Ligand SMILES: NC(=O)c1ccc[n+]([C@@H]2O[C@H](COP(=O)([O-])OP(=O)(O)OC[C@H]3O[C@@H](n4cnc5c(N)ncnc54)[C@H](OP(=O)(O)O)[C@@H]3O)[C@@H](O)[C@H]2O)c1
């Protein structure tokens, strides 16, 4: 399958590499074509890995992943283009952190709304599924980094889209029994607010953070 990944940070590149390992074709999207991190990533892999603008990646993907900074996700998706995204499954893994440096963190939206909902409202023809935002990038694509059963949440308004995301999650190694459907996209509120607890655990648990965050999260 062709998958467009919007976001050249750790999360975008981690997901893109895992998808390639699973046999998918991937294009990494950025504000500009020739983004240094994206070019280096594509060059290190070759073959079915490519890079371009957000619009290039959105047009390329049958599925599109939003792995951009939460404060910039609506802008990044606007650059990708509503027409190119229309009808597609959009996997939203972003957290609406006001700044990646604030500790304790603050969110730009929470409580009675969420980034996932903002995206779904701004792009009504896109089938948004929120998932993976509750764990560290490495764990997103390798749940066995932590022993034992632990949960991965999905939320969205479209049942088929959530089912398709479940298949991708299983490709990453999440057992079907670990995937918990929390219902419609309003469940993104709790999933996003969880980042405050996760970052506090990261602050206090040090190198054991993977174990602690997963036990707490699932
Ligand atoms: N790090 C983790 O372990 C983790 C875990 C769970 C969820 N998340 C969430 O995943 C997302 C990605 O995190 P990350 O650490 O990989 O990367 P990040 O630094 O949060 O985001 C990088 C991406 O955001 C884009 N961006 C930044 N400012 C922009 C703007 N003004 N307009 C348009 N695009 C802009 C960048 O575009 P360019 O490519 O053009 O620079 C880049 O592609 C975030 O929402 C984060 O909260 C992260």
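Of the residues 103, 180, 191, the one that moves most in a GNM of the chain with alpha-carbon contacts below 10 Å is 103.
Each label point was placed 7 Å from the Cα along the Cα-to-Cβ direction; for residue 196 and residue 108 their separation is 1.8 nm.
In the chain, helices alone account for a calculated mean residue ellipticity at 222 nm of -12500 deg cm²/dmol, with every DSSP H run of four or more residues adding -39,500 (n - 2.57). Over region 2-217, what relative contact order in percent results from Cα pairs under 8 Å that are six or more residues apart? Answer for region 2-217 is 17 percent. Comparing 119, 179, 45 in a Gaussian network model of the chain (Cα springs below 10 Å), the most mobile by mean-square fluctuation is 45.
Applying 1/(1 + (r/R0)^6) with r as the Cβ-Cβ distance of residue 205 and residue 160 and R0 = 45 angstrom yields a FRET efficiency of 0.75.
For the options 200, 27, 13, a Gaussian network treatment of the chain with springs between C-alpha atoms closer than 10 Å singles out 200 as fluctuating the most.
Computing FRET efficiency as 1/(1 + (r/R0)^6) for residue 31 and residue 83, where r is the C-beta to C-beta distance and R0 is 25 Å, gives about 0.85.
Once you have a ≥ b ≥ c as the square roots of the Cα gyration tensor eigenvalues for region 2-217, tell me rounded if a/c is under 1.5, and otherwise prolate or oblate according to whether a/b is larger than b/c. Rounded, since a/c falls under 1.5. Placing a label point 7 Å from the Cα of residue 75 along the Cα-to-Cβ direction, the residues of region 16-30 whose backbone N falls under 19 Å from that point are 29-30.
Values in this text are rule-based calculations from the coordinates and carry no lab data. All of these numbers come straight from a predicted model, not from anything done at the bench. Because the Cβ atoms are built from the backbone with ideal geometry, glycine has one as well, and the counts that use them run over all protein chains shown.
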